[in-house]
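Only the coordinates and a few stated rules stand behind these numbers; no lab work does. What you see is a predicted model; the values in this text were computed from it and never measured. Glycine gets a Cβ as well: all are built from the backbone with ideal geometry, and neighbour counts include every protein chain shown.
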Amino acid sequence: MDQVKYLLDEKELPEAWYNIIPDLPAPLPPYLHPATYQPTPLPPPLFPMALVHQEQSQERFIAIPDEVRHVYRIWRPTPLVRARNLERALDTPAHIYYKNESVSPAGSHKPNTAVAQAYYNKQEGVKRLSTETGAGQWGSALAFACSLFGLECKVYMVKVSYQQKPYRRSLMHVWGATVTPSPSEETESGRRILAEDPNSPGSLGIAISEAAEVAFSDDNTRYSLGSVLNHVLLHQTVVGEEALKQFALADDYPDVVIGCVGGGSNFAGLAFPFVRERQRKNLKTRFLAVEPTACPSLTKGPYAYDLGDAVGMAPLAKMYTLGHTFIPEGIHAGGLRYHGMAPQISALHKAGIIDAIALPQTTCFAAALQFARTEGIVPAPETSHAIRAAIDEALRCKEEGVARTILFNFSGHGHFDMAAYDAYLAGQLVDYDYPADKVAEALKSLPKVE
Ligand SMILES: *Cc1c(COP(=O)(O)O)cnc(C)c1O
């Protein structure tokens, strides 16, 4: 075993998040109100003012509050690891590095924003946060953050996942959250769905409606989202800022930066500080976002205004989208099943700064196994998409006989996804083709804005 780790001292934990808004190639198209289609900020009844401001801030660096840095220290700075053992197994001249975000208490990058969001809500006197979760990664990250700041946490968990993924549910309970299978009898939205179909398995869209309804109807409750929005991507940039310092220690620098994308937050968090450096120093760094073929918004969707949720509670955003009524196949990378994409990632892809590819799940699981058997850590199914792309890039380096430096975000571990690994090892996983017909149907529901 010949792994090389680049570790930062606690003192080197970044003091500011990087806000890419002033450095975007063009101004971001504004959010539009879901009823009037007029430009709107994020609605304050749903979000605390600090986050409404961060969402549209023009300040390039935003100080990380001491209380947030204090909590970050539980697991940050995270290691940057040179995957020497994987390099050797691939017999590649490439240098492969990963930023290991799986070392957080919840096992993924998501606490980077959950902690910040809980803090700002607490500051403004909010008592309770409501949110939705699919497989439970985001719900458990927010439950963890709320427990540390003494906030109540209410999670609507998609009913099929509530039944199929008991251990993330347990994790949320351990951190004191209330977890309700969605659709539920607790909200108007839930009751309406159940009246139509008492056996509804639920969906992310329905769970968002329930969580948002609770926040709209209770003054002490705000809503919290784990990806997509500008302030969420902002909080994740602590990842890339650390990585920049670690590459200085390694005396190396990435030629290509890779991340899996669901809503885009882990990829943005790693990549945006490197996008800034590329512009500043006129570098040629490549950026590669990896999505599943079952839900390929960046590679197949149009760049258009669409609803952020299934029912139109949230504002419209300009983004690459498959249509808000699109429901992807039940791939195991549940965190990559969002119909749209972060507006900031969408703008950078439109401008040609970020490339994107889509990969089917079985080849990603094969890469995850190769990673587990060389580097020792079992990846989340989402993360396996970034690993597949990094391995393929390393194999291209071997063919071309060039030693490029590859960096990817190890967004989370797969310890609660063992059923997916069992299915893969038993040969039961299938790949899904690009669902052209379903997407065409869903795109008919795009709001007619322009
Ligand atoms: C949620 C999740 C993702 C996808 O979300 P992004 O906002 O695109 O980062 C990726 N990896 C893991 C481990 C996740 O939990």
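Observations, loosely collected:
- Of the residues S140, A358, T92, the one whose Cα sits farthest toward the positive end of the charge dipole of the chain, with +1 on the Cβ of Lys and Arg and -1 on the Cβ of Asp and Glu, is T92.
- Tail weight of P(r) past 24 Å, computed on alpha-carbon pairs of segment 223-327, percent: 32
- Where only C-alpha atoms are counted, convex hull volume of segment 391-450 per residue in Å³: 257
- Per-q log10 I(q)/I(0), segment 173-250, q = 0.17, 0.18, 0.19, 0.21 Å⁻¹ (Debye; single scatterer per alpha-carbon; no solvent): -0.80, -0.85, -0.90, -1.00
- Computed label-point distance, nm, for sites V402 and Q38 using a 7 Å Cα→Cβ extension: 5.3
- Scalar couplings 3J(HN,Hα) for segment 63-75, obtained by applying the Karplus form with A = 6.51, B = -1.76, C = 1.60 to θ = phi - 60°, are 4, 7, x, 3, 4, 6, 4, 4, 6, 3, 5, 4, 9 Hz; x denotes Gly and Pro.
- Beta bridges by DSSP in segment 283-428, antiparallel share as percent, to the nearest 5: 55
- DSSP assigns beta bridges within the chain; of those with both partners inside it, close to 35 percent run antiparallel.
- Estimated dipole of the chain in Debye, rounded to 20 [Cβ of Lys and Arg +1, of Asp and Glu -1, Cα centre]: 480
- Hits among aspartates and glutamates - C-alpha to C-alpha of K11 under 19 Å, sequence gap 8 or more where chains match: D66, E67, E101, E241, E242
- Straight-line reach from K122: taking Cα to Cα under 22 Å and skipping same-chain neighbours fewer than 8 places apart, the lysines in range are K110, K154.
- I74/Q428 FRET efficiency (R0 35 Å; Cβ-Cβ; nearest 0.05): 0.40
- Between the amide H of A16 and those of I64, distances stay under 5 Å, these residues lying 5 or more places away or on another chain, with hydrogens modeled in the peptide plane.
- Other residues with beta-carbon under 15 Å from the beta-carbon of S104 carry, at +1 per Lys or Arg and -1 per Asp or Glu, a net charge of +3.
- Under 19 Å from K281, Cα to Cα: lysines that are on another chain or at least 8 residues apart: K245
- For the pair L249 and E59, the difference between a 0.36 nm per residue extended length and the Cα-Cα distance amounts to 65.6 nm.
- Per residue, the convex hull spanned by the Cα atoms of segment 1-112 amounts to 187 cubic angstrom.
- The DSSP beta bridges internal to segment 37-192 are antiparallel in roughly 20% of cases.
- Backbone N within segment 28-64 under 20 Å of label point (7 Å from K448 Cα along the Cβ vector): 32-39
- In a reduced charge model with +1 at each Lys and Arg Cβ and -1 at each Asp and Glu Cβ, segment 1-72 shows a dipole moment near 280 debye about its Cα centre.
- Loop-located trypsin sites (Lys or Arg not before Pro) in segment 227-325 (DSSP state other than H, G, I, E, B) with a sparse environment of at most 14 neighbouring Cβ atoms within 10 Å: K284.
- Linear extension gain, A351 paired with A16, 0.36 nm per residue minus alpha-carbon span: 118.0 nm
- Computed extension length for L395-S200: 65.7 nm, one decimal, from 0.36 nm per residue of separation with the Cα-Cα distance subtracted.
- Each label was represented as a point 7 Å from its Cα along the Cα-to-Cβ direction; for M418 and T178 these points are 3.2 nm apart.
- The distance between label points at L7 and R373 comes to 3.0 nm (points 7 Å beyond Cα on the Cα→Cβ vector).
- Radius, Kirkwood style, for the chain when every pair of distinct Cα atoms is counted (Å): 21.8
- Among T36, T321, T78, the largest mean-square fluctuation in a Gaussian network model of the chain, built with springs joining Cα atoms closer than 10 Å, belongs to T36.
- In percent, rounded to a whole number, the relative contact order of the chain is 19, using alpha-carbon pairs under 8 Å and six or more apart.
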